[in-house]
1. State yes or no: is A261 surrounded by 14 or more Cβ atoms within 10 Å (Cβ to Cβ), without any contact (Cβ under 8 Å) to a residue 12 or more places away in the chain and in the same structural domain as I419 (by TED's automatic domain parsing)?
2. From A60, A92, grab the single residue that is outside the structural domain of V49 (by TED's automatic domain parsing), of a type in the set (A, V, I, L, M, F, W, C) and either assigned to a helix (DSSP H, G or I) or surrounded by 14 or more Cβ atoms within 10 Å (Cβ to Cβ) (or both).
3. Pairs needed: first member in segment 108-128, under 17 Å from E139 (Cβ atoms); second member anywhere, buried (at least 16 other Cβ atoms within 10 Å of the Cβ) and among the basic types (K, R); C-beta distance under 6 Å; at least 6 residues apart or different chains.
4. Considering only residues that are assigned to a helix (DSSP H, G or I) and exposed (fewer than 14 other Cβ atoms within 10 Å of the Cβ), look in segment 213-237 and name the one that is modelled with the highest pLDDT.
5. Given the options E165, E102, E91, name the one that is touching a residue at least 12 places away in the same chain (Cβ under 8 Å) and of a type outside the set (S, T, Y).
6. Can you find, within segment 136-163, the residue that is nearest to A117 (Cα to Cα) among those that are surrounded by fewer than 18 Cβ atoms within 10 Å (Cβ to Cβ) and of a type in the set (G, A, S)?
7. Among the residues of segment 338-361, what is the count of those that are without any contact (Cβ under 8 Å) to a residue 60 or more places away in the chain, within 33 Å of the chain's Cα centre (by Cα) and surrounded by 19 or more Cβ atoms within 10 Å (Cβ to Cβ)?
8. Within segment 420-437, identify whether any single residue is part of a strand (DSSP E or B) and over 27 Å from F221 (Cβ atoms), and answer yes or no.
Amino acid sequence: MEKIHRSLLEENLVLFEGACGTGKTLSALVPSLHVGKQLGKTVFIATNVHQQMLQFIDEARQIKRTHDIKVLVFKGKMGMCPLKQGYDECEAKRDNTYDLMEIEKEINLKKQESKAAWDEYKSSGEAAHASLRDAVDEEREKLEEKASSLRKRSCDPLYEVLRAEDEKFQKWLFQDVRDPEEVNDYAAENGMCGYELLKRELKNADLVIANFHHILNDMIFSTMLRWMDKEPEDLIAIFDEAHNIENAARSHSSITLTEHAIESALAELNANEKSDLFTSMPVEDVEAVLSILLEVVRDTYDNRFKFGERQRVGRNWYDIRISDPYERNDVVYARFMRRMKETGYGEEKQVQELLGIAAEVGGLLDNAYHEQYKQGQTPILKRSHLKPTAEFFSQYLKLCNNENYYPVLNVRRDQGGEIYGRLELFTCIPKNVTGPLLDSIYSAILMSATLRPFV
């Protein structure tokens, strides 16, 4: 513990190996919390094993008995949302809920204005005050109609969180070390959202226990830091089961695109070609890019199946090599560019320009879909397939022959038994993910029973 404590004060990276049951968890936690308290840092524990998260909760409870620390165990939205809705649907409902709260404030102000005008009328008898009250009441009624409409499209559990006093939940949460199930039970009893409750308290925690993806996924980590009101250098990170970081980093840096997604992007083009959003986009050219990509993906896996290989494809993804691990020379890239030139298009630069336009228009479509859902014009929040498809393939063209990345074509069977493909591009160098992260935070402990599994 003393060595770890000293290393943390010196902002060093700590590699810590110890067999199971030797007290690694406590040995990492105690000095981290002490340094965190000294320097005003938050300790962030990341693990990808559920059983280990329970172990951290148990150890934190033991420390809590003798030390006043505030511990928050964070779980993803999908596991805590009482409405079981996706991120985008939740975002739209959240926007409506905040709008509803603002309108209700305006309604209360109108009520006060109406009462003041009526009191003035009663004391003075001047008709102008009565007219003012009538005008204010008319405005209030319009706001109430708008609020009534918004209420149907808002999130009731979030609404209750926003109305509640912070202190009550905060006091309950930090009295002990609460696991996510306990928080969900508390939230359900009070008609609230446990996820939103935890988000509000992240900034008050001394110790946060979460999953690998909360820190390895750059977008999620940035969001967590915003909720915590912290910068990366404000964190001391503890990575449990650190031998899994390599695979976890690869999985969080991998990007994929299925042929079904390409089909959906093409369908979206056809469905919206007369939309005002598409007036500035060369629809036929973008359609040609995506159609050729779809043909290349299908032709590639059809042509690369060996004898009997097609029959072995099941419901799990089956990898087909499309790039030499040493020379690269991605087959999909080569075939795509050859067919683009045969069709009359120029170099990769022209393709990238078309993909950039498609991604931009897809973003505008996303905004339009979001607004339609928010206004109650559609019961389901649609998402643009054009934007992610264009963004993926733009990245793919840039990186598929880069030695730090490796392209793969996966295939599997759908529910109807038909084979379909998926392009995947993942980083070969986990350091591309972990390097910037470890450089940005104050310090870190990487611990495992098998840091050197082959020694």
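1. No.
2. None of the other options fit; the residue is A92.
3. K110/R140; S114/R133; A117/R133; W118/R133
4. My answer is E233.
5. E91 is the lone residue from the list that is touching a residue at least 12 places away in the same chain (Cβ under 8 Å) and of a type outside the set (S, T, Y).
6. S148
7. Of the residues in segment 338-361, 1 are without any contact (Cβ under 8 Å) to a residue 60 or more places away in the chain, within 33 Å of the chain's Cα centre (by Cα) and surrounded by 19 or more Cβ atoms within 10 Å (Cβ to Cβ).
8. Yes, segment 420-437 contains at least one residue that is part of a strand (DSSP E or B) and over 27 Å from F221 (Cβ atoms).
The values are calculated or read from the model by the stated rules, or taken from the named source; none is laboratory data. Fair warning: this is a prediction, and the values are worked out from it, not measured in the lab. Heads up, the Cβs are rebuilt from the backbone with ideal geometry, glycines too, and the neighbour counts pull from every protein chain shown.
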